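Okay, so here's the structure we're looking at.
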Amino acid sequence: MAVQKMTSAQVARKVIENQPLFILDVRNRDDFEDWKIEGHRFEYLNVPYFELLDGVEKILPKLPSDQDILVVCAKEGSSVMVAEMLSDAGYDVYYLEGGMKAWSSYLEPIKIGDLTNGGELYQFVRLGKGCLSYMVISDGEAAIIDAVRFKDVFINFAKEKNVEITHVFDTHLHADHISGGRHIAKETGAKYYLPPKDADEVVYEYNPLEDGLTVKVGNSKIEVGALYSPGHTIGSTSFIVDNKYLLTGDILFIDSIGRPDLAGRAEDWVGDLRETLYRRYRELAEDLIVLPAHFMIIDELNEDGTVAKRLGNLFAENHGLNIESEEEFRKTVTENLPPQPNAYQEIRQVNMGKLTPDEEEQMEMEIGPNRCAVR
Amino acid sequence: MEVNQVLDAKGLSCPLPIVRAKKAMDTLATGQVLEVHVTDKGALSDFPAWAKSSGHEILDQSIEADVIKFIIKKG
């Protein structure tokens, strides 16, 4: 029987369209437990490839006959080997092209909505890592917020849309993924912005992203306004786009809130986080649509694959916005936190410009889920 | 410690280092020792997990100039 490859783009469609898929993950058990391809209707079997070297007979009874089988490993090699063994045993199977490495890198651009005077807002969903980036397009120009490191995806998307990238922002100094922001700015001539309070140690030039900064994209009336909202980091800044969307960075997510500890300052920053979530955001219009920089679990995706929800609904439903006691809030965000993201200290150094790892090293640093939240 | 066989798996990528190591191991007797040299970083987690699941014992593990060296006793 045949072995076929499946691309990350095809897997992404299955996630977003809630299609079924049987994933035979042949990585180590620890790696699988830590991080896998998530889908609402996906089923899983994890058997490391090195336990199948003598044959696949023992797992055949566990494989379905009525749905697609996708063999997954870290970089593709082992999944091809196992897929060929299954093919010899009479099964039609797929392997994941490029493995989890490719899955971690894949971005799916999805339109969030139209803006005033024909503008558009796009969310770039990095399904494998839970990162969300944004592009505001209006009248031949584009602004990008929280770009991940695959700069060509954004540059090519702007070319397709026939727009010029003029402004690139990072809401904060990221600790879970490597930013593509300043590299996109360098290549396109756009202005790059970073909050100065997060930039004490950065070794490159940037424009200060400060409270009240307003940038117009294109000639139309679309405004991208900055709102200082510290707590995840001391510089964390939100954006209000077109008076309709609230880009929260890593401060507020759909089903969780930001964690204050990734720069080693949880106790110092917990008060800022409280102030932002319980006072600053409370003053905003409840009809704003919240667009975070991450999602943690697949349940946070809407039916069209976007990650977005009305602020008023989050005030009602998000546990992190409903902790009355300040003391309990402090405990929630400083004690019993989930493990920190893989290589987060090195990633911060890369985003400061102090480390310049090659492509392979960047990939290794970013392996695993993002873990920027407290639930 | 006596090493009974040395396997050079440098430059090979997953799954080949473990495929070759298993073949080499199959030619050894219980208690004999295999030394493997590998450059694929995935080996750092895969070799210990493979050894554990097949009953072998990793006696020593070291890294020198990007070459990972495992000393493995057949179980």
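The values are calculated or read from the model by the stated rules, or taken from the named source; none is laboratory data. Treat the numbers as computed from the prediction; the structure is a model and nothing was measured. Neighbour counts are summed over all protein chains in view; Cβ atoms, including those assigned to glycine, are modelled from backbone coordinates with ideal geometry. The accessibility values were calculated without ligands, DNA or RNA, using every heavy atom of the protein model including side chains. Shrake-Rupley method; radii C 1.70, N 1.55, O 1.52, S 1.80 Å.
Taking chain A as a Gaussian network, where each spring joins two C-alpha atoms under 10 Å apart, which residue of A:S229, A:S133, A:S65 fluctuates the most?
Top of the fluctuation ranking is A:S65.
At a Förster radius of 25 Å, what calculated FRET efficiency corresponds to the Cβ-Cβ distance of A:T7 and B:T39, to the nearest 0.05?
0.35
Along the range A:54-70, what does the Karplus equation 6.51 cos²θ - 1.76 cosθ + 1.60 (θ = phi - 60°) give for ³J(HN,Hα), rounded to whole Hz, x for Gly and Pro?
Working through the residues one at a time gives 8, x, 9, 3, 5, 9, 4, x, 8, 8, x, 9, 10, 8, 5, 10, 10 Hz.
Sort B:58-66, A:258-266 by the packing proxy (mean of other Cβ within 10 Å over each peptide's residues), most packed first.
Per-residue mean Cβ counts within 10 Å order the peptides as A:258-266, B:58-66.
Could you give the dipole magnitude of the range A:3-103 about its Cα centre, charging the beta-carbon of Lys and Arg +1 and that of Asp and Glu -1, in debye to the nearest 20?
Using Cβ point charges on Lys, Arg, Asp and Glu, the range A:3-103 gives about 240 debye.
Explain nothing, just compute: Karplus ³J(HN,Hα) = 6.51 cos²θ - 1.76 cosθ + 1.60, θ = phi - 60°, for every residue of the range A:281-296 in order, whole Hz, x for Gly and Pro.
For the range A:281-296, the Karplus curve yields 5, 5, 7, 8, 5, 5, 7, 4, 8, 7, 10, x, 8, 8, 10, 9 Hz.
Could you go through the range A:153-164 in sequence order and give the Karplus-derived ³J(HN,Hα) for each residue, using 6.51 cos²θ - 1.76 cosθ + 1.60 with θ = phi - 60°, rounded to whole Hz, and x for Gly and Pro?
4, 6, 5, 5, 4, 4, 4, 4, 7, 6, 10, 9
For the range B:5-73, what % of the accessible area comes from carbon and sulfur atoms, probe 1.4 Å?
That share works out to 51 percent.
Considering only DSSP beta bridges with both partners in chain A, what is the antiparallel share in %, to the nearest 5?
55 percent
Nearest 10 degrees is fine. How inclined is helix A:77-88 to the longest principal axis of chain A, computing both from alpha carbons?
Helix A:77-88 sits at roughly 40 degrees to that axis.
Given H placed on each backbone N at 1.01 Å, which residues far from A:R149 in sequence or on other chains put an amide H within less than 5 Å of it?
A:I178, A:G180
Test of understanding: in a Gaussian network model of chain A with alpha carbons linked when under 10 Å, which of A:E275, A:E303, A:E164 would top the mean-square fluctuation ranking?
Taking springs between Cα atoms under 10 Å, the residue moving most is A:E303.
Below 23 Å, Cα to Cα, which lysines can B:K69 reach? Residues fewer than 8 away in the same chain don't count.
A:K75, B:K10, B:K22, B:K23, B:K41, B:K52
Using the alpha-carbon centroid of each, what span in Å lies between the range A:1-63 and the range A:162-190?
34 Å
Which far-off residues, 5 or more places away or on another chain, put their amide H under 5 Å from the one on A:R310, with H placed in the peptide plane?
Placed amide hydrogens put A:V290 under 5 Å from A:R310.
Of the options A:Q19, A:M81, A:S65, report the single residue whose Cα projects farthest towards the positive end of the charge dipole of the range A:3-103 (beta-carbon charges: Lys, Arg +1; Asp, Glu -1).
Most positive-ward Cα: A:Q19.
Over the range A:128-274, what is the percentage of antiparallel beta bridges among all DSSP beta bridges, to the nearest 5?
65 percent
Which loop-located GluC sites (Glu not before Pro) does the range A:309-371 contain, where loop means any DSSP state but H, G, I, E or B and the Cβ has at most 12 other Cβ atoms within 10 Å?
Listed in order of number, the matching sites are A:E324, A:E335.
For the range A:94-212, what is the percent of antiparallel DSSP beta bridges, rounded to the nearest 5?
If we restrict to bridges inside the range A:94-212, about 65 percent are antiparallel.
Can you list the GluC sites (Glu not before Pro) in the range A:169-259 that are in a DSSP coil and have 16 or fewer other beta carbons within 10 angstrom?
A:E201, A:E205, A:E210
Could you state the angle between the C-alpha long axis of helix A:266-275 and the longest principal axis of the C-alpha atoms of chain A, as a value from 0 to 90 degrees rounded to the nearest 10?
70 degrees
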